[in-house]
Amino acid sequence: MTLDELVRRVAGVLPPGAVITDPVRLRTYECDGLTHHRVVPGAVVLPESAEQIAAVVRLCNEYGVPFVARGAGTGLSGGALPRTDGVLIVTSKMRRILQVDLENRRAVVEPGVTNLAITEAVREHGYYYAPDPSSQQVCTIGGNVAENSGGAHCLKYGFTVNHVLALEIVTPDGDVVTLDADDPGYDLLGAFVGSEGTLGITTKVTVRLSRAPQAVTTLLAAFENIEQGGQAVSAIIGGGIVPAAIEMMDALAIAAAEAAVACGYPAGAGAVLIVELDGPEAEVRRQFAEVERVCRDSGAFELRTAAEPEERAAIWRGRKSAFAAVGRISPAYIVQDGVVPRTALPQVLASIDRLSAEHGIRVANVFHAGDGNLHPLVLFDDAEPGAGERAELVSGRILDLCIEHGGSITGEHGVGVDKSRYMPKMFTDDDLDTMQLVRCAFDPRGLSNPGKVFPTPRLCGEVPGVRKGVHPLVESGRAEQF
Amino acid sequence: MDVPHENTPRPGAEEVLRGPGAEEVLRGPGAGGAMGGLSAKEALRATGVTIREAGSGDAVAGVMPRWVALPESTEEVAALMRVSAGHDLAVVPVGGGTRLHWGNPPERCDLLVDTCCLNEILEHASGDLVVRVQAGVTTESLAETLAARGQELALDVPLGGATVGGVLATAVAGPRRLRYGTARDLLIGVTVVLADGTVARSGGKVVKNVAGYDLGKLFTGSYGTLGIITEAVFRLHPIAPARRWITAELPAPRTAATGSEGSGSPMGPGTVEGSGFPVSPGAVGVALAASQAEPSAVELDWLAPSGVLTVSALVEGAATEGRAAAVRDLLGGMTGRPGTTGESGEWPVGSYGVAEGDKAPDWWGVLPGEEVLLELRVPPSGVDGALRAVARRGLPARVRGSLASAVLRIALPPETGGAELAGFVSAVREESGPLGGRLTVLAAPHEPAPQVDRWGPVGTLPLMRRVKERFDPDRRMSPGRLAGGI
């Protein structure tokens with residue numbers, strides 16, 4: 001069998017123990033953070049270098065076997081879902097920080113390094129790595145590159161794509177290539193980041209290090225309802241302030257967080273807003289006074305300020321625990337990720353309320369209010385017949401709302417397998433076909449993480465007049481040309 | 001919101017020149033290529049788009065097109081592209097025409113698609129800090145509209161009359177790249193028309209969006225070789241309530257001719273010797289970039305090889321006074337000369353010192369030259385070495401650009417000969433390469449063709465070629481304009 005033969009040859013190019021075929025061990029890798037999609041991989045490999053990844057990819061090409069890259073497996077869209085007929089390439093053994101270069105404000109790291117480990121390596125020097133997805137303690141930088149991860153602070157500082165200066169990648173046909181922000185011509189680096197593993201595998205990442213801000217101040221504002229909170233957000237942004245983060249939680253999300261971590265948010269709050277400002281001390285001080293005033297004017301009934309790290313952590317505890325916390329108030333839930341223009345937030349939240357009432361499905365709302373990125377948590381009881389389906393329906397309708405309001409079906413979790421079916425609602429066939437031209441350029445055989453992002457894979461075909469000579473399939477006697 | 005904008009036509013564009021052969025029937029690839037037996041020109045006219053004969057002002061890096069089309073919508077561009085596909089016409093898009101002389105000359109050019117009439121600001125969603133524009137909108141008219149609501153596209157385009165599409169296609173950025181990034185960082189959605197007339201869109205109207213591939217990134221820096229950008233959506237920033245520029249002069253480098261600090265005169269002969277700079281410009285850039293006063297930009301202006309170096313930092317936003325003072329102290333400490341505060345933008349010119357004001361130096365955000373223009377990128381630690389490499393050539397070179405981001409533009413005198421330029425380029429590449437440097441020739445005279453490798457080694461060339469082959473298999477979009485003949 002092709003896969004068996006491939007696995008034998010792969011074992012020959014990897015260190016001992018780097019190939020997993022034992023069915024029990026393979027099951028460890030059957031899903032990522034989106035656990036309701038499960039596929040046991042055909043084989044798992046744990047390479048230690050770009051050369052080893054390139055060798056595995058070349059062998060996959062030789063046998064026409066698909067491959068999927070995986071970091072820590074924390075993704076929430078099934079982007080690292082394996083294939084039974086394919087090889088899962090796990091970067092967990094490639095976790096060295098190769099270089100920290102403060103003078104040039106950059107670090108060079110292997111793809112399996114966790115997001116937070118970069119910050120930890122440079123914090124004592126007054127630097128940090130800006131993108132901070134909430135899984136940052138465990139998620140890998142390679143996965144961040146694949147998903148173009150954001151985080152609570154991307155409102156001011158941008159996403160992974162804005163903080164990666166160069167990448168070493170293994171292309172889907174097994175070449176090791178460096179993509180550099182300073183390269184002239186097409187921004188291939190920018191196109192690669194966020195391509196969800198469909199254009200190749202990251203083997204080395206040069207990240208930009210940011211100087212830690214002089215001052216950070218965090219405010220927790222409690223409102224009676226979400227409309228007041230939304231009004232405060234609009235007034236802050238409208239006033240020309242770009243906070244590092246503005247997060248909002250509704251009453252149900254607050255209740256869940258209280259149950260889980262006893263975050264002690266003001267009692268009776270229908271919504272809480274977390275506003276974080278950072279930058280030069282004098283600027284933060286001035287803007288903070290303005291933010292406090294705006295919150296009071298919008299109806300905030302309690303304000304708490306944190307200037308010290310411990311106080312700040314206390315404010316963030318509730319927000320950061322929110323996803324897991326809903327487990328305390330619901331047996332099962334779906335984490336949704338959609339984006340609307342920030343000004344459409346009030347309308348969309350009202351519509352979500354209606355959907356919720358109509359289908360008898362509770363929805364807890366947690367969102368990055370500053371950039372309109374919603375994370376509705378759709379709660380249901382999986383023991384109740386039909387509840388799962390209703391929750392799926394509500395969850396999908398929320399994405400429809402995002403599209404109707406000119407937003408996006410995903411702000412940071414990616415399309416993966418989970419949302420490829422929604423892509424045709426957001427994009428035309430021509431849009432998707434054009435995107436797939438990029439795929440065909442990088443991966444004409446469609447071996448790199450196939451079945452993700454696009455609902456219908458494109459058959460790439462040959463480029464007219466480009467490849468000369470006899471087709472390899474013809475040459476090997478496996479195909480005839482008419 | 002529909003706001004029509006008057007854009008100035010490119011100089012010389014109205015000088016109509018009727019060349020022979022304009023009426024000839026062009027054969028498409030293979031039988032029946034010419035659509036319905038119409039000549040290419042008739043077919044172009046049948047689209048309803050305004051078509052004119054090309055004039056002397058329409059040349060692209062010295063190559064004269066036959067016709068110029070003035071479409072007003074994405075659909076009209078698509079119609080033009082379908083006709084061009086049917087008649088095998090080579091197409092070059094043009095915006096303000098400010099950088100038509102950049103890049104390689106196209107291998108051929110039949111149709112110039114002038115985006116001057118794609119000049120509407122389609123939607124300024126100020127509450128969302130987002131703007132959607134047609135590609136032919138000039139950055140000035142966009143700035144004017146946005147400023148009316150206290151917002152800006154933080155791009156500092158260094159060329160007057162440049163259009164949004166042209167800025168994207170050539171990926172130029174100005175001083176505040178340090179804080180806001182470049183065009184690719186501010187672009188959140190794009191509409192493009194491909195060589196076969198396919199209209200494709202990616203991204204959208206929200207800043208945070210990871211659905212699908214980012215075609216906008218791909219088209220940024222594409223020099224028109226993948227298709228035509230017809231619409232763009234940008235994220236905006238509030239205009240800072242205050243701006244302060246802190247400017248310092250660093251002593252000129254020691255040169256072989258004087259054996260001491262340079263004269264500061266542009267006539268100063270000789271080349272830089274030894275360690276070169278009495279005060280390291282690289283160290284100044286690194287220190288300012290790391291300052292918690294958070295300057296938005298740190299720029300350098302220097303007439304190599306022996307002029308005084310001027311460094312200017314911009315602090316903007318709230319509480320600028322205190323932050324400017326911090327930058328001033330830092331600069332004063334490094335240059336060994338305590339700061340003096342100039343009144344309303346005045347600072348002592350010609351004497352070393354540190355000054356501060358609310359006006360930018362007159363060279364701020366302006367390209368150092370036009371005709372022979374190079375771009376040198378290097379990691380900040382390599383700035384001194386790269387500057388020395390420039391100075392050692394002995395040519396009077398105006399060096400200007402971002403010191404903190406280490407993206408410097410170099411202008412050589414217009415009369416610089418081909419061989420001289422080629423020598424300069426290869427020597428600077430050789431010296432700055434080991435420092436991580438990359439030198440690109442943005443503009444240089446095409447006739448007589450100098451022996452200059454404009455792009456230098458490009459490691460991603462094979463991948464770029466594969467992208468080009470997929471997007472434009474017949475090589476009709478600005479063929480040859482980019483590195484490696486792409």
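Residue check: is A:Arg296 in a helix (DSSP H, G or I), more than 14 Å from every other protein chain (Cβ to nearest Cβ) and within 27 Å of A:Gly75 (Cα to Cα)?
Judged against the criteria, A:Arg296 is not a match.
Sort out which residues of the range B:180-236 are more than 7 Å from chain A (Cβ to nearest Cβ), under 21 Å from A:Pro455 (Cβ atoms) and within 20 Å of the chain's Cα centre (by Cα), and write them in order of number.
B:Gly189
Inspect the range A:425-440 for any residue being touching a residue at least 12 places away in the same chain (Cβ under 8 Å) and more than 9 Å from chain B (Cβ to nearest Cβ) and give the result as yes or no.
For the range A:425-440, residues touching a residue at least 12 places away in the same chain (Cβ under 8 Å) and more than 9 Å from chain B (Cβ to nearest Cβ): present.
Name the residues in the range A:141-177 that are more than 11 Å from chain B (Cβ to nearest Cβ), in contact with a Ser or Thr (Cβ under 8 Å, 6 or more places away or on another chain) and modelled with pLDDT under 95, would you?
The answer is A:Ala152, and nothing else.
Rundown of residues vs (1) buried (at least 24 other Cβ atoms within 10 Å of the Cβ); (2) touching a strand residue (DSSP E or B) at 6+ places or on another chain (Cβ under 7 Å); (3) free of Cβ contacts under 8 Å to residues at least 12 places away in the same chain; (4) not hydroxyl-bearing (Ser, Thr, Tyr), yes/no style:
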| residue | (1), (2), (3), (4) |
| --- | --- |
| B:Gly86 | no, no, no, yes |
| B:Arg108 | no, no, no, yes |
| B:Asp114 | yes, yes, no, yes |
| B:Glu120 | no, yes, no, yes |
| B:Ala148 | no, no, yes, yes |
| B:Leu155 | yes, no, no, yes |
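Conditions (1) touching a residue at least 40 places away in the same chain (Cβ under 8 Å); (2) within 14 Å of chain A (Cβ to nearest Cβ), marked per residue:
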residue: B:Gly285; (1), (2): yes, yes
residue: B:Ala289; (1), (2): yes, yes
residue: B:Ala293; (1), (2): no, yes
residue: B:Ala297; (1), (2): yes, no
residue: B:Val308; (1), (2): yes, no
residue: B:Gly317; (1), (2): yes, yes
residue: B:Ala325; (1), (2): no, yes
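Taking A:Ala244 as the residue in question, decide whether it is more than 16 Å from A:His153 (Cα to Cα), at pLDDT 95 or above and crowded, with 19+ Cβ neighbours inside 10 Å.
no
So, of the residues in the range B:22-58 that are modelled with pLDDT of 50 or more, assigned to a loop (DSSP other than H, G, I, E, B) and touching a strand residue (DSSP E or B) at 6+ places or on another chain (Cβ under 9 Å), which turns out to be nearest to B:Pro106 (Cα to Cα)?
B:Ala54
Listed here are the residues, each with its yes/no results for (1) surrounded by fewer than 24 Cβ atoms within 10 Å (Cβ to Cβ); (2) of a type in the set (Lys, Arg).
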site	(1), (2)
A:Asp353	yes, no
A:Gly360	yes, no
A:Ala383	yes, no
A:Gly386	yes, no
A:Gly414	no, no
A:Arg421	yes, yes
A:Met426	yes, no
A:Asp430	yes, no
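Just to be sure before I move on: is A:Glu308 out of contact with any helix residue (DSSP H, G or I) (no Cβ under 8 Å at 6 or more places or on another chain) and more than 26 Å from A:Ala244 (Cβ to Cβ) in the structure I sent?
The answer is no for A:Glu308.
Filtering the range B:442-486 down to residues that are of a type in the set (S, T, N, Q) and in contact with a strand residue (DSSP E or B) (Cβ under 9 Å, 6 or more places away or on another chain), which residue is nearest to the other protein chains (Cβ to nearest Cβ)?
That would be B:Thr460.
Each row is one residue, and each column tells you yes or no for (1) within 18 Å of the chain's Cα centre (by Cα); (2) buried (at least 20 other Cβ atoms within 10 Å of the Cβ); (3) of a type in the set (A, V, I, L, M).
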{"position": "A:Val65", "(1), (2), (3)": "no, yes, yes"}
{"position": "A:Ser77", "(1), (2), (3)": "yes, yes, no"}
{"position": "A:Pro82", "(1), (2), (3)": "yes, yes, no"}
{"position": "A:Lys93", "(1), (2), (3)": "no, no, no"}
{"position": "A:Leu98", "(1), (2), (3)": "no, no, yes"}
{"position": "A:Asp101", "(1), (2), (3)": "no, no, no"}
{"position": "A:Val109", "(1), (2), (3)": "no, yes, yes"}
{"position": "A:Ile118", "(1), (2), (3)": "yes, yes, yes"}
{"position": "A:Pro133", "(1), (2), (3)": "yes, yes, no"}
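Output the residues belonging to the range B:378-401 that are in contact with a Leu (Cβ under 6 Å, 6 or more places away or on another chain) and not hydrophobic (A, V, I, L, M, F, W, C).
Those that are in contact with a Leu (Cβ under 6 Å, 6 or more places away or on another chain) and not hydrophobic (A, V, I, L, M, F, W, C): B:Gly382, B:Gly385, B:Arg398, B:Gly401.
Would you point out the residue of the range A:206-230, among those that are in contact with a Gly (Cβ under 7 Å, 6 or more places away or on another chain) and crowded, with 24+ Cβ neighbours inside 10 Å, that is nearest to the other protein chains (Cβ to nearest Cβ)?
A:Ile226
Look through the range A:441-482, keep the residues that are among the polar types (S, T, N, Q) and farther than 18 Å from A:Phe192 by Cα, and return whichever of them is modelled with the lowest pLDDT.
A:Gln481
Could we say that A:Arg354 is within 14 Å of another protein chain (Cβ to nearest Cβ) and among the basic types (Lys, Arg) here?
Values: within 14 Å of another protein chain (Cβ to nearest Cβ): no; among the basic types (Lys, Arg): yes.
Criteria not met by A:Arg354.
Given the structure, is B:Lys217 at negative phi, assigned to a loop (DSSP other than H, G, I, E, B), of a type in the set (D, E, K, R) and in the same structural domain as B:Val157 (by TED's automatic domain parsing)?
Numbers: at negative phi: yes; assigned to a loop (DSSP other than H, G, I, E, B): no; of a type in the set (D, E, K, R): yes; in the same structural domain as B:Val157 (by TED's automatic domain parsing): yes.
Answer is no for this residue.
Could you list, in sequence order, all residues of the range B:107-139 that are over 30 Å from B:Gly480 (Cα atoms) and away from every other protein chain (no Cβ under 14 Å)?
The answer is B:Glu120, B:Ile121.
Tell me yes or no: at least one residue of the range A:118-131 is out of contact with any strand residue (DSSP E or B) (no Cβ under 8 Å at 6 or more places or on another chain) and modelled with pLDDT under 95.
Within the range A:118-131, not a single residue is out of contact with any strand residue (DSSP E or B) (no Cβ under 8 Å at 6 or more places or on another chain) and modelled with pLDDT under 95.
Take the conditions at pLDDT below 95 and either more than 14 Å from every other protein chain (Cβ to nearest Cβ) or buried (at least 24 other Cβ atoms within 10 Å of the Cβ) (or both) and apply them to A:Gly407. Does it pass?
Answer is no for this residue.
For residues that are surrounded by fewer than 20 Cβ atoms within 10 Å (Cβ to Cβ), part of a loop (DSSP other than H, G, I, E, B) and not aliphatic (A, V, I, L, M), tally how many sit in the range B:63-84.
2
Somewhere in the range A:36-49, is a residue modelled with pLDDT under 95 and either under 21 Å from the mean Cα position of the chain (by Cα) or assigned to a helix (DSSP H, G or I) (or both)? Walk me through it before giving the result.
At the first step, the residues of the range A:36-49 found to be modelled with pLDDT under 95 are A:36-37.
Narrowing further to those that are either under 21 Å from the mean Cα position of the chain (by Cα) or assigned to a helix (DSSP H, G or I) (or both): A:36-37.
Looking through the range A:36-49, at least one residue is modelled with pLDDT under 95 and either under 21 Å from the mean Cα position of the chain (by Cα) or assigned to a helix (DSSP H, G or I) (or both).
So how many residues does the range A:381-431 have that are part of a helix (DSSP H, G or I) and not charged (D, E, K, R)?
17
The values are calculated or read from the model by the stated rules, or taken from the named source; none is laboratory data. Keep in mind it's a predicted model, so treat the numbers as computed, not measured. Note: ideal-geometry Cβ built from the backbone for every residue, glycine included; neighbour counts use all protein chains shown.
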